[in-house]
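Novice: Just passing along the structure, written as structure tokens.
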Amino acid sequence: MSWTVLTIIMVLILFALLIPGEWISVALGVSGIAGIILGSGTKYLTTLGTITWNTTNNFVLSAVPMFLFMGELIVNSGLSGNFYRGLMKWFKHVPGGLLHANVIACAFYSAISGSSVATAAGIGSIAVPETKKRGYNRKTIYGSIAAAGTLGILIPPSTVLILYGSLTDQSVVKLFMASAIPGIVLTMLFCLYIFVSSMIEKRKGLSNVSDTDADSLTTWEAIKGIAPIVITIVALLGSLYTGKATPVESAALGTFIVLIFGFGTKGLNWEKIVISAKSCSKSIAMILTLMISASYLTFALSQSSVNRRLTGWVVEQGFSSLAILIVIGLVYLVLGCFMDGSSMIMLTIPLLAPICNELGVDLIWFGVYVTLLVQIGQVTPPMGLNLFMVQGIDKEAKLSEIIHGVIPFLVTMILFAVLMILMPSMTSWLPAKLGF
């Protein structure tokens, strides 16, 4: 059977299962196993056990459950709520007020949780009621939380970057460094949009915001709320970037610090630790199941030389790297309507990474670019995952309101993706400065 026919069959099986709503892990696994049988016969089915073991026994992936556990502890201990309330003190007089606090809080929380859904849930559960009662525009509230929540995918540590590094054999530490500057710049662009739109609303007399409640918070209380998160981030990323710790060790260090602060503030007890562990276990079980099923598909593609031949075909057609990157961006916009970030990475990277590598695209830069595209996919209407997360936080929120509010932020992210293509040095500057 030719590689083109085999590819078409696997794609048809994949979407035949996805369209009716089958679990993504099942669809990936079934299409992968079918590809192995059709491409190489049943003799290679005995390798499934080895593939499963090698996938789950990956040291790089050990950091994922620890980062997820740390994020759960921060939410359940109340540290995220204290952090947000601390930010209220400093942003109440800035045009846009607590909307800036939404974005900044998500950015800081992203540097610990590594998950867009966890970030949107952790900050949104406190931010939405606080901003609503002060009279902020509901659409902008929802949009800022949904969009800024996706920073959990881009700002290190990121579970998506860890998965990408595992699939492409790239340094996770270098990926984290490369994504730091883009994450900061995108955060600033979100704040810039909020600042400008708030100034316009104020001039038109459309603003009806009252932040007087924030005056009750003393400076010392604000500092106490902010300090635990900042200290954790500095310790976590500092140990990582200075080479003192591996991603797994830095995640363990961050979790230990969060436990100390959680018990120190009396916001954490053993019951909440168990709740955090259960929630983390569910998330990691989903990720590992995706990894295993995607590994079956990857093995089928490599065993039948689909990766190599598809890469050769693209090169023979004379497509430029720019054209391929634009097409990849459009593909991710579509996939974002139906899939979560981890699923998109598992499905596409085994095919796309070899093509981009052959065209001379730096795989570290490409990892950050793809992560940004995944981030965009999380808020792509009508099925972006973060849109439904925000709707789950506020039962009064209509999906149309959330979509309307997120569109300006979505446009900002798309423009930033173009900026990344035009300025690839944005990802290489920090690793170069730190000697990586």
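Novice: Which of the peptides 31-39, 410-418, 76-84, 231-239 is most tightly packed, and how do the rest follow, going by the mean number of other Cβ atoms within 10 Å of each residue?
Specialist: Listed from highest to lowest mean packing, they are 76-84, 31-39, 231-239, 410-418.
Novice: Right, another one. For region 22-78, what does the convex hull of the Cα positions come to per residue, in cubic angstrom?
Specialist: Hull volume over Cα atoms, normalised by residue count, gives 97 Å³.
Novice: Could you sort out which of Lys132/Lys202; Lys244/Lys278; Lys224/Lys244; Lys89/Lys278 sit more than 23 Å apart by Cα distance in this structure?
Specialist: Check vs 23 Å cut-off fails for Lys244/Lys278; Lys224/Lys244; Lys89/Lys278.
Novice: Let me ask another. Would you kindly state how much longer the chain becomes between Ser320 and Lys133 on full extension, computed as 0.36 nm times their sequence separation minus their alpha carbon distance, in nm to one decimal?
Specialist: 62.2 nm
Novice: Based on the mean of other beta carbon atoms within 10 Å per residue, what is the order of 168-180, 351-363, most packed first?
Specialist: Put in order of decreasing packing, that is 168-180, 351-363.
Novice: Ignoring ligands, DNA and RNA, what percent of the 1.4 Å accessible area of the chain is carbon and sulfur?
Specialist: Answer for the chain is 67 percent, counting heavy atoms of protein chains only.
Novice: Between Val411 and Gln303, what is 0.36 nm times their sequence separation minus the Cα-Cα distance? Round to one decimal in nm.
Specialist: Contour length minus Cα-Cα distance gives 34.9 nm.
Novice: If R0 is 25 Å, what FRET efficiency do you get for Val418 and Phe195 from their C-beta distance, rounded to 0.05?
Specialist: About 0.70, to the nearest 0.05.
Novice: How many Å² of accessible area per residue for region 320-433, probe 1.4 Å?
Specialist: Per-residue value: 40 Å².
Novice: Normalised radius of gyration for the chain, please: alpha carbon Rg relative to 2.2 N^0.38 Å, two decimal places.
Specialist: Normalised Rg, Cα atoms only: 0.99.
Novice: Follow-up question, since we're still on this one. For the chain, return all DSSP H helices satisfying: extent of Cα atoms along own axis at least 30 Å; mean Kyte-Doolittle hydropathy at least 1.6.
Specialist: Once both thresholds are applied, what remains is 399-422.
Novice: Regarding region 331-377, what's the average projected area of the Cα-atom convex hull, expressed in nm²?
Specialist: 2.9 nm²
Novice: Which value, in debye to the nearest 20, describes the size of the charge dipole of the chain about its Cα centre when Lys and Arg Cβ atoms bear +1, Asp and Glu Cβ atoms bear -1, and nothing else is charged?
Specialist: Using Cβ point charges on Lys, Arg, Asp and Glu, the chain gives about 580 debye.
Novice: Given points 7 Å out from each Cα along the Cα-Cβ axis, report the Ala277 to Thr218 separation in nanometres with one decimal.
Specialist: Taking the two extended label points, one gets 3.8 nm.
The values are calculated or read from the model by the stated rules, or taken from the named source; none is laboratory data. Note that the structure is a prediction, hence the values are computed from the model and not measured. In this analysis, Cβ positions are derived from the backbone assuming ideal geometry, glycine residues included, and neighbour counts consider all displayed protein chains. What goes into the accessible areas is simple: the full protein's heavy atoms, side chains included, and nothing from ligands, DNA or RNA. Shrake-Rupley method; radii C 1.70, N 1.55, O 1.52, S 1.80 Å.
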